[in-house]
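**Q** Got a structure here, written out as structure tokens. Questions coming.
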Amino acid sequence: QVQLVESGGGLVQAGGSLRLSCAASGRTFSWYAMGWFRQAPGKEREFVASISWSGGRINYANSVKGRFTISRDNAKNTVSLQMNSLKPDDTAVYYCAADVTDYARAAVHEYDYWGQGTQVTVSS
């Protein structure tokens, strides 16, 4: 089992920045790919970014490419999402997820463990 806890969400004006963090505990964190997903009201959960255990494979959704940066610290069992140039369309609950196969994929169903989510609200 892996437990994931997100933090760092909040309210920010358009153009601002936030940094989300996800703390993992349980089984060996460094063997897993990690991903960030988000879900806006009335919409399906969507992929934001993913990173392999080594950091050698990183993927981003087109909508966040160039604005968001995913990173991880295996020594501290954390994965982060730096979000810059935020837009109102980025408003959503953001979830951290772990993929035991380490492929850093983009599909929701490929991930095995999920956090509870943290709210990000971007005002115009």
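The values are calculated or read from the model by the stated rules, or taken from the named source; none is laboratory data. The model shown is predicted, which means the values in this text are computed figures rather than measured ones. Every residue, glycine as well, gets a Cβ built from its backbone with ideal geometry; the counts of neighbours run over all protein chains shown. We work out accessible area using only protein heavy atoms, side chains counted, and drop any ligands, DNA or RNA first. Shrake-Rupley method; radii C 1.70, N 1.55, O 1.52, S 1.80 Å.
**Q** For the stretch 7-75 and the stretch 78-119, compute the distance between their C-alpha centroids and round to whole Å.
**A** 4
**Q** Still on this structure, I have one more. What does the accessible area of Glu46 come to, in Å² to the nearest 10, when a probe of 1.4 Å is used?
**A** Counting only protein heavy atoms, the figure is 80 Å².
**Q** Can you list the lysines whose alpha carbon is less than 16 Å from that of Lys65, not counting same-chain residues fewer than 8 positions off?
**A** Correct list for Lys65: Lys87.
**Q** Please identify every one of the trypsin sites (Lys or Arg not before Pro) in the stretch 38-94 that sits in a loop by DSSP and has no more than 14 other beta carbons within 10 Å of its own beta carbon.
**A** Counting only loop positions with at most 14 other Cβ atoms within 10 Å, the trypsin sites (Lys or Arg not before Pro) in the stretch 38-94 are Lys43, Arg57, Lys65, Lys76.
**Q** Let me ask something additional. Which of Asp112, Asp99, Asp90 moves the most in a Gaussian network model of the chain with Cα springs under 10 Å?
**A** Of Asp112, Asp99, Asp90, the Gaussian network model singles out Asp112 as fluctuating most.
**Q** Now for a different question. Once you have all Cα-Cα distances for the chain, histogram them in 10 Å bins from zero and send the whole-percent values.
**A** Pair shares across the bins are 15, 51, 29, 5, 0.
**Q** When a/c reaches 1.5 or more, the comparison of a/b and b/c decides; with that in mind, is the stretch 8-71 rounded, prolate or oblate per its Cα gyration tensor?
**A** prolate
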